[in-house]
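S.K.: Provided herewith is a single structure, encoded as structure tokens, for subsequent inquiry.
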Amino acid sequence: MANATLSYDVLVVGAGIAGLQASLDLADQGRKVLLVEKQPSIGGRMINLSKVFPTLDCASCITTPRMASVAHHPNIDTRTFAELKGLRREDGRFRATLRQKARFVDGARCIGCRSCEEACPVLVPDEYEHGLGARKAIRIPFTNAIPQLALLDMDHCTLCGLCARACPTDCIDFLQKDADTEVEAGAVILATGHELTRMDAKPHYGGARLPNVLSPMQAERLLAPHGAYGRVLRPSDGRIPDSIAYVQCAGSRDRSLGVPYCSRVCCMFAAKQAMLLSGSLPTADITIYYMDIRAFGKGYEQFVANARAMGIHFVKAKVARVTEDADHNPVVRLERQEDRGLPEEVTHDLVVLSLGMLPGADPVLEDFAGVRAAPDGFLESPQAPLAPARTSQPGVFAAGTATGPKDIVDSITEAGSAAMEAVGFLRRLGEGRP
Amino acid sequence: MSILVDANLIREIRSYGAFDISACFQCGNCSAVCPLSAGEASFPRKMIRLGQLGMEDELLSRQEMWLCYNCGECTSTCPRQAGPGEYMAALRRWAVGRFESTGLSAWMFRSPVAALAGTLGLALVLAGLLLTARPRHDFPDWIFKLVPYDAIHLVGMVLGGVLALGLGASVLRFVLRALKARPGLLKKGWKEHRAAALALHHELWTMRRQRPEAGQGSWNSPWAVHLAVLFGFFGLLAATTSDFLFIFLLGTKIYWPARVLGTVSGLALMAGVSAAILRRWRGADAGVRHSHLSDWWLLAFLWVLGFTGFWLEAAVTFRWTAPLHSWVLLLHTVMAMELVLLAGSTKLAHAFYRPLSLYFHFLSGGESPSRPCA
């Protein structure tokens, strides 16, 4: 290749925990990796969590070192705020088109001092806090984001110029444009992750309509020490909730939503959040309404047993509706499976919908090198029992929730597997027998 | 209490139209989402459970299946797409079949071929009876040339007797079972009976327990359609009876009260039935998205009866004398007789079981949930 195209051993798409782990595993074996992330920071969903089950480790404390290792690894190049726009096979190698989205900030000159953020007068709901807090139109995405580069949200910018005046390195560029680049790699790992069920997917649950009905990610931000409010308050009036309910299977195992599968993590994150809540609010009543508890992993059953022992109420009932009373207290209507089994309505202060995992919104992948999706929308794993990291295309591997709902432990395991598969593929490629 | 599980019952009920019910895993979403399920009257989940366990006696002595208005909310939100609403409808058909002793209803509900064969066979028998039973020929109107008025009268009387006996026995069986299961109902005072009767009266005309958001306010909302059909039915009944009583004294004229009532009721019936057909055809809401043959059977019968009724009205008024009109009279008469004769074996049977069930429900203190569900 005589032209200026950058060449790598492996292209890793997605810098969530699976993509980070796969990149590190490859780089530690001397492979050159390009890690592409469409968000402005690496870290994925895990950096957004408060703590992780079943050990209750602080998510920031264990994810940030991983992110830093990736950022400083000599064998890893990272592109954030960049999207994969095309992927095709040429002469046995992959050529990818990457679109670097405009940050409106010169990444080479920005020092992450946040002077621009302090100067900016525009407040916008914060995506990182899932709408619970506010951010500026120009900001560092979040405190421990990597890279620490400012990012201007042109949709909300008023072009007042205060940031440009405040910037000590004069790095703000209002005229910056998206730029496409071509890269080349011997193998590809797709760690494109998942989406969550939309809050309004099931109108009966009042999600996105009732102020005190929250998504699980919002609950994570309530619980995170550096979260939106720094403590557990309910959004409608800022009061401390005294009765909190979890609605399980609010986006999974529900054919009426077109999601027949189990999302695997919801039982565990509900139990985890319930434990954390009872730590933050020792006198609060916490109830988990469930159909079945699926605690499948190592130490998970014990974790749920601990939650029960802590006094968290596990009530076997499928919640059918969530309405609210005049004080915005959510009212759940359900039929208990135990006792006499009669329909009843229970009023809580706060309700969390345990949303399910949906395939990551990347339908373009199908056009890329023919990587197929399974009927459930996640990437197909045609050799699932023996080689789960392989996709329908040789040389393209998958890790994490790209292939289906899974927890952090399994995502990391699969990332290691994908890295090993990629190394094996590269070796065969070098020997001329792909 | 121990019970012997009978796995055949759920299969039997399934054959009445609850084809997806084996997917049910008893999560309880249906009962919780149901706007009519309240207090002790909790359904559909419990009814499905009773079916799964094979508790036939328990099912037959309960009224919940008749408290359901098939709004479809449970079916559209069922996580397993098990069709709990269809199950409730199938349960009603099954119960009608069980209370009727000849087995005709069960046969016709379970197989579309049987339903068509039964309808046609009975039509042939009735037509034969009408064409051969000619006691006297003294009514001079031309339209009765093919089927004499007296023949209709005679056959009608006999069929009425048969119907009264058969249907009476079925309904009696239903009432006895209900009372045996709820002996408390026998001890109610007349005040409670009066309150229950009043509640039933309101309920029958307005269907006020109907889910508020089920197309309420639109011209073809379920309760408006039902009201039109109900008014048509009772109006025609009153018109026919008074017509029959006074015809010998006065003869018929189109502007007489009985005839006017008949015309208005007929129009209401046609409007209601046409709207109901349209709703089902379009699958306007979850309650009518799935239709059983017995649903179409009743609507088709009512519509054709109404249509031929107006045809005959026109023929008599304008003195159309082609033989075709006599054949229309034969069709109309046969279908009317069939509708009456099969009243206890078709969807029309709900007209007997549902009011009684609602009456028992109100009498035992069951109130309709007054709080509208958001």
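None of the figures in this text is laboratory data; all of them are computed from the coordinates on show. Computed from a predicted model, the values in this text were never measured in an experiment. Glycine gets a Cβ as well: all are built from the backbone with ideal geometry, and neighbour counts include every protein chain shown.
S.K.: The range A:242-313: which chymotrypsin sites (Phe, Trp or Tyr not before Pro) are DSSP loop and have at most 11 other beta-carbon atoms within 10 angstrom?
M.R.: none
S.K.: OK, next. Say the dipole of the protein assembly as shown comes from +1 at the beta carbon of Lys and Arg and -1 at that of Asp and Glu; which of B:Ser294, B:His325, A:Val122 then lies farthest toward its positive end?
M.R.: B:His325
S.K.: Under 1.5 on a/c is rounded, so check that first for the range A:123-256, then, if it is not, pick prolate when a/b is larger than b/c and oblate when it is not; a ≥ b ≥ c are the square roots of the alpha carbon gyration tensor eigenvalues.
M.R.: oblate
S.K.: Quick check: residue separation of A:Lys177 and A:Cys113 times 0.36 nm, minus the Cα distance between them. What number comes out in nm?
M.R.: Stretched fully, the A:Lys177-A:Cys113 segment lengthens by 20.7 nm.
S.K.: A further question on this structure: Can you tell me the 0 to 90 degree angle between the C-alpha axis of helix A:266-280 and the longest principal axis of chain A, rounded to 10?
M.R.: That helix lies at roughly 70 degrees to the long axis.
S.K.: Taking amide H positions as placed 1.01 Å from N in the peptide plane, with prolines and chain starts having none, which residues 5 or more places from A:Arg45, or on another chain, fall under 5 Å of its amide H?
M.R.: Counting only residues 5 or more places away or on other chains, the set is A:Ile17.
S.K.: Output the 0 to 90 degree angle, nearest 10, between the alpha-carbon long axis of helix B:350-363 and the longest principal axis computed from the alpha carbons of chain B.
M.R.: 50 degrees
S.K.: Another one. Please give, to one decimal in nm, the separation of the simple spin-label points placed at A:Ser69 and A:Asp327, each 7 Å out from Cα toward the Cβ.
M.R.: Result: 4.9 nm between the two label points.
S.K.: Counting only other residues whose beta carbon sits under 9 Å from that of B:Leu50, what net charge do I get with K and R as +1, D and E as -1?
M.R.: Residues close to B:Leu50 contribute a combined charge of +1.
S.K.: Under a cut-off of 12 Å between alpha-carbon atoms, report the aspartates and glutamates in cross-link reach of B:Lys347, not counting same-chain residues fewer than 8 places apart.
M.R.: Within reach: B:Asp295.
S.K.: Follow-up. Sequence gap at least 6, Cα distance under 8 Å: using those rules, report the relative contact order of chain A to the nearest whole percent.
M.R.: 18 percent
S.K.: What longest region of chain B stays clear of chymotrypsin sites (Phe, Trp or Tyr not before Pro) that DSSP places outside H, G, I, E and B and that have at most 10 other Cβ atoms within 10 Å?
M.R.: B:1-218
S.K.: Once the Cβ-Cβ distance between A:Ala208 and A:Arg428 is put in as r, and R0 is 41 Å, what FRET efficiency do you end up with, to the nearest 0.05?
M.R.: 0.25
S.K.: Can you pull out the chymotrypsin sites (Phe, Trp or Tyr not before Pro) in the range A:375-427 whose DSSP state is coil and whose Cβ has at most 12 other Cβ atoms within 10 Å?
M.R.: none
S.K.: Taking trypsin sites (Lys or Arg not before Pro) as candidate sites, keep only those in a DSSP loop with at most 11 other Cβ atoms within 10 Å, then name the longest stretch of chain A containing none of them.
M.R.: Here the longest segment lacking exposed loop sites spans A:1-176.
S.K.: For the range A:178-233, compute Rh as the Kirkwood radius over C-alpha pairs and then the Stokes-Einstein diffusion coefficient at 10 °C and 1.306 mPa s; write the answer in µm²/s, rounded to an integer.
M.R.: 106 µm²/s
S.K.: OK, next. Based on the alpha-carbon gyration tensor of the range A:198-357 and its eigenvalue square roots a ≥ b ≥ c, which shape applies: rounded if a/c is under 1.5, prolate if not and a/b is larger than b/c, or oblate?
M.R.: It comes out rounded by the Cα gyration axes.
S.K.: Considering only the other residues whose Cβ falls under 11 Å of the Cβ of A:Val36, what net charge follows from Lys and Arg at +1 and Asp and Glu at -1?
M.R.: Neighbour charge sum, excluding A:Val36 itself: +1.
S.K.: Here's something else I'd like to know. Tell me, in nm to one decimal, what length is gained between B:Trp327 and B:Ser101 on full extension, where the rule is 0.36 nm per residue of separation less the Cα-Cα distance?
M.R.: Once the chain is fully extended between B:Trp327 and B:Ser101, it gains 78.0 nm.
S.K.: Which longest uninterrupted range of chain B lacks any GluC sites (Glu not before Pro) assigned by DSSP to a loop state (not H, G, I, E or B) and surrounded by at most 15 other Cβ atoms within 10 Å?
M.R.: Maximal segment without exposed cleavage sites: B:41-212.
S.K.: Working from Cα positions, state the angle (0 to 90°, nearest 10) between the long axis of helix A:300-309 and the longest principal axis of chain A.
M.R.: The helix A:300-309 is inclined about 30 degrees to chain A.
S.K.: Which whole-Hz ³J(HN,Hα) couplings does the range A:51-68 yield from phi under the Karplus relation 6.51 cos²θ - 1.76 cosθ + 1.60, θ = phi - 60°, glycine and proline marked x?
M.R.: 9, 10, 8, x, 9, 6, 6, 5, 5, 4, 5, 9, 8, 4, x, 4, 4, 5
S.K.: DSSP loop trypsin sites (Lys or Arg not before Pro) in the range B:282-371 with at most 16 other Cβ atoms within 10 Å of their Cβ, which ones?
M.R.: Filter output for the range B:282-371: B:Arg289, B:Arg319.
S.K.: Rounded to a whole number, what is D in µm²/s for chain A from Stokes-Einstein with the Kirkwood radius over alpha-carbon pairs (25 °C, 0.890 mPa s)?
M.R.: Reported coefficient: 106 µm²/s.
S.K.: Got a sec? Charge dipole of chain A, +1 on Cβ for Lys and Arg, -1 for Asp and Glu; which of A:Thr181, A:Val52, A:Pro382 is way out at the positive end?
M.R.: Working it through, the farthest residue towards the positive pole turns out to be A:Pro382.
S.K.: With each pseudo-label sitting 7 Å past Cα toward Cβ, what's the A:Leu342-B:Val304 distance in nm, one decimal?
M.R.: My value for the distance between the label points is 4.8 nm.
S.K.: For the range B:174-190, just list the computed ³J(HN,Hα) in residue order, Karplus coefficients 6.51, -1.76 and 1.60, θ = phi - 60°, integers in Hz, with x standing in for Gly and Pro.
M.R.: After applying 6.51 cos²θ - 1.76 cosθ + 1.60, I find 4, 5, 4, 4, 4, 6, 5, 6, 10, x, x, 5, 6, 8, 6, x, 5 Hz.
S.K.: Another one. Show the residues, 5+ positions off or on another chain, whose built amide H is closer than 5 Å to the amide H of A:Leu87.
M.R.: A:Thr97, A:Ala369
S.K.: Can you give the relative contact order of the range A:16-85 as a percent, counting alpha carbon pairs under 8 Å and 6+ residues apart?
M.R.: So the answer I get is 45 percent.
S.K.: Checking the table A:Lys38/A:Lys202; A:Lys202/A:Lys318; A:Lys298/A:Lys406 against a 24 Å threshold on Cα-Cα, which pairs fail?
M.R.: Where the Cα-Cα span goes over 24 Å, the pairs concerned are A:Lys38/A:Lys202.
S.K.: Hey, can you grab everything whose amide H is under 5 Å from the amide H of A:Val315? Only 5+ residues off in sequence or another chain; H modelled, so Pro and N-termini drop out.
M.R.: A:Ile288, A:Tyr289, A:Tyr290
S.K.: Rank these for me by crowding, A:Val319, B:Val288, B:Val225, going from fewest to most other beta carbons within 10 Å.
M.R.: Least to most surrounded, the residues fall as B:Val288, B:Val225, A:Val319.
S.K.: Now for a different question. Normalising by the residue count of chain B, find the relative contact order in percent from Cα pairs under 8 Å and 6+ residues apart.
M.R.: Worked out over chain B, it gives 23 percent.
S.K.: Using a 7 Å offset from the Cα along the Cα-to-Cβ direction at both B:Trp281 and B:Asp57, what is the distance between the two label points in nm, to one decimal?
M.R.: Computed distance between label sites B:Trp281 and B:Asp57 equals 4.8 nm.
S.K.: Counting helices only, and only those DSSP H runs with n ≥ 4, report the 222 nm mean residue ellipticity of chain B as the sum of -39,500 (n - 2.57) divided by its residues, in deg cm²/dmol to the nearest 500.
M.R.: -21500 deg cm²/dmol, from helical runs alone.
S.K.: Indicate the gyration tensor shape class of the protein assembly as shown (rounded, prolate or oblate), computed on the Cα atoms with a ≥ b ≥ c the square roots of the eigenvalues: a/c under 1.5 is rounded; otherwise a/b larger than b/c is prolate and the rest oblate.
M.R.: It comes out prolate by the Cα gyration axes.
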